[in-house]
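Here, each number is a calculation from the coordinates, and none is a lab measurement. The model shown is predicted, which means the values in this text are computed figures rather than measured ones. No Cβ is skipped: glycine too gets one built from the backbone with ideal geometry, and neighbour counts run over all protein chains shown.
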Amino acid sequence: MRIAAMLLAEPQHMSAEQLLARLRESGARVSKATVYNTLNLFAARGLIRQLAIDGTRTWFDSNVGAHYHFHDPETGMLSDVDVPEVAFSRLPAPPEGMEVAGIDLVIRLRRCDHPG
């Protein structure tokens, strides 16, 4: 219950390690395995989205609605991008007998020398 309360309190992106640290800071005695098992169960049940952004860490997203992401690899920050903010002009035809079920888009960011 504490894991659900902390993660689902607001739209956010957290790793299992971040969630474990917050739980322990709040005084909860919980194992890493319990956190991972609970997050995987929540993802399997569609309560959260599991995101593999950069291959080094799995993020868990409490916003299960359709959206994309900005990612700052320097800070690890993830933020939501609403679907209407992105336009695709063309997609390849799916293989025979298949249809497009969704699109995952991660827009990677970096600091620029000329803000504006």
Sequence order, segment 68-75: Karplus ³J(HN,Hα) from phi using 6.51 cos²θ - 1.76 cosθ + 1.60, θ = phi - 60°, Hz rounded, Gly and Pro as x, gives 10, 9, 8, 9, 9, x, 5, 9
Percentage relative contact order, the chain, counting C-alpha pairs under 8 Å, at least six apart: 21 percent
Output ³J(HN,Hα) for segment 3-20: one whole-Hz value per residue in order, computed from phi by the Karplus curve 6.51 cos²θ - 1.76 cosθ + 1.60 with θ = phi - 60°, and x for Gly and Pro. 5, 4, 4, 6, 6, 8, 5, 7, x, 7, 10, 9, 8, 4, 5, 5, 5, 4
In which sequence would D104, D61 go, from the one with the fewest C-beta neighbours within 10 Å to the one with the most? D104, D61
With 10 angstrom as the radius, rank H13, H114, H71 by how many other C-beta atoms surround their C-beta, starting from the fewest. H114, H71, H13
Mind pulling the angle between the C-alpha long axis of helix 32-44 and the longest principal axis of the chain? Nearest 10 degrees, somewhere in 0 to 90. 40 degrees
Considering only the chain, what is the antiparallel percent among its DSSP beta bridges, to the nearest 5? 80 percent
Among T58, T38, which comes first, second and so on when ranked by fewest other beta-carbon atoms within 10 Å? T58, T38
Work out, step by step, the length gained on full extension between F70 and E10: first 0.36 nm times the residue separation, then minus their alpha carbon distance; give nm to one decimal. 19.8 nm
